[in-house]
Amino acid sequence: MANPISNVPPVLASSGQVTDPVSIIAGTGLSGGGVLDSDRTLALAAAGVGEGSYGAASSTFELAIDAHGRVGAITLLPIQIPGSSVLPMTGLLSDTSDATPLAEVDSLLLVLAKLNNRQLDRVLLSSVGSSSTASLTTINQLSFPTEDGYAYHFQACLHFTTAIATTGLVVSLLFAGASGNMAAEARILTGADSTGATHIGCINSSGDVVVAPNAATGRNIACIDGSFISGNAASIAVAIRTEVNSSAVTVLSGSTMTVRKISTV
């Protein structure tokens, strides 16, 4: 019977070391290795990218990834937005007539309607006059839309003149079709010199008027301060007329209205 031990290759010497050398070969992306006649180490080869943080508020980066998923190179790139990708806000105040509301501004307010506690500032760009007591003249540029579930606090400041000192101003708010609760106060300087008194009245319904007799022919002021709790989508606008038929009153450009919108939900 043959001795099985005699058939084993003499790979180990008496010391236990390898006498027929075997090597560990570093693969792709590794360094080190060698003949196993002593301890050997394998290490990751440098990837060519320095350690650190990349990118900033004004720049981003482009990565080059090799077949083993390692970052081989980083290229810093500035963040650039082409002008063709920026939509201009054109026509925001393009409607300067008083014949129709500023549709663009109204649309913008509706976009902001979902945000709570938003403020809208309106300004009269062209003067509005009245010389008839038959009807109210709406000042569309001093108006604002309403939406269900919101309360609105508003202040209007009207600069006005009269044709003669014995003619006064009539102010009102128009909100036909609006469902909700209105409480507003109007204050108008009265007297031939506009310093003798201030006429104060309330507006609770659409078309309610506050009448102030007599005013100086110079620049005067009338103020409307109020709040409206809205129950539907509608609009509220300042309106005026003369106190004396065929005698003109004019609300001047530069008159303003500020509206604060507050959620009631």
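The values are calculated or read from the model by the stated rules, or taken from the named source; none is laboratory data. Please read these numbers as outputs of a predicted model, since none were measured by experiment. We place every Cβ from the backbone using ideal geometry, glycine too, and count neighbours over all the protein chains shown.
Residue under question is Gly207, and the condition is that it be part of a loop (DSSP other than H, G, I, E, B), in contact (Cβ under 8 Å) with a residue 60 or more places away in the chain and closer than 30 Å to Asp148 by Cβ; does it hold? When the stated conditions are applied, Gly207 passes them.
Criterion applied to His153, His159 was being at pLDDT 90 or above, assigned by TED's automatic domain parsing to the domain that holds Gly254 and in contact with a Leu (Cβ under 8 Å, 6 or more places away or on another chain), and the one residue passing it is His159.
Can you name every residue in segment 126-170 that is under 15 Å from Gly218 (Cβ atoms), crowded, with 21+ Cβ neighbours inside 10 Å and of a type in the set (S, T, N, Q)? Residues satisfying the conditions are Thr162, Thr167.
Could we say that Val105 is at pLDDT 60 or above and in the same structural domain as Asn140 (by TED's automatic domain parsing) here? Criteria met by Val105. Only residues that are surrounded by fewer than 17 Cβ atoms within 10 Å (Cβ to Cβ), within 29 Å of the chain's Cα centre (by Cα) and among the hydrophobic types (A, V, I, L, M, F, W, C) were counted across segment 230-249, and they come to 1. Would you mind stating whether Ser235 is assigned by TED's automatic domain parsing to the domain that holds Leu125, closer than 23 Å to Ser132 by Cα and touching a residue at least 12 places away in the same chain (Cβ under 8 Å)? The answer is no for Ser235. Whenever a residue of segment 21-48 is surrounded by 11 or more Cβ atoms within 10 Å (Cβ to Cβ), its partners that are of a type in the set (S, T, N, Q) and at pLDDT below 75, lying with C-beta atoms within less than 7 angstrom and at least six residues away or across chains, give the pairs Asp37/Gln17.
Is it true that Leu169 is hydrophobic (A, V, I, L, M, F, W, C) and at pLDDT 95 or above? For Leu169, the condition - hydrophobic (A, V, I, L, M, F, W, C) and at pLDDT 95 or above - is not met. Keeping to segment 237-265, report how many residues are in a strand (DSSP E or B) and touching a Gly at 6+ places or on another chain (Cβ under 9 Å). Looking only at that region, the number is 7. If you check Thr256, Thr217 for being modelled with pLDDT of 95 or more, touching a strand residue (DSSP E or B) at 6+ places or on another chain (Cβ under 8 Å) and not basic (Lys, Arg), only one passes: Thr256. Within segment 55-75, the set of residues being of a type in the set (Asp, Glu) and either surrounded by 12 or more Cβ atoms within 10 Å (Cβ to Cβ) or in contact with a Lys or Arg (Cβ under 9 Å, 6 or more places away or on another chain) (or both) comprises Asp66 only.
Output yes when any residue across segment 90-100 is of a type in the set (Gly, Ala, Ser), more than 30 Å from Ile236 (Cβ to Cβ) and modelled with pLDDT under 75, and no when none is. No - not one qualifying residue is present in segment 90-100.
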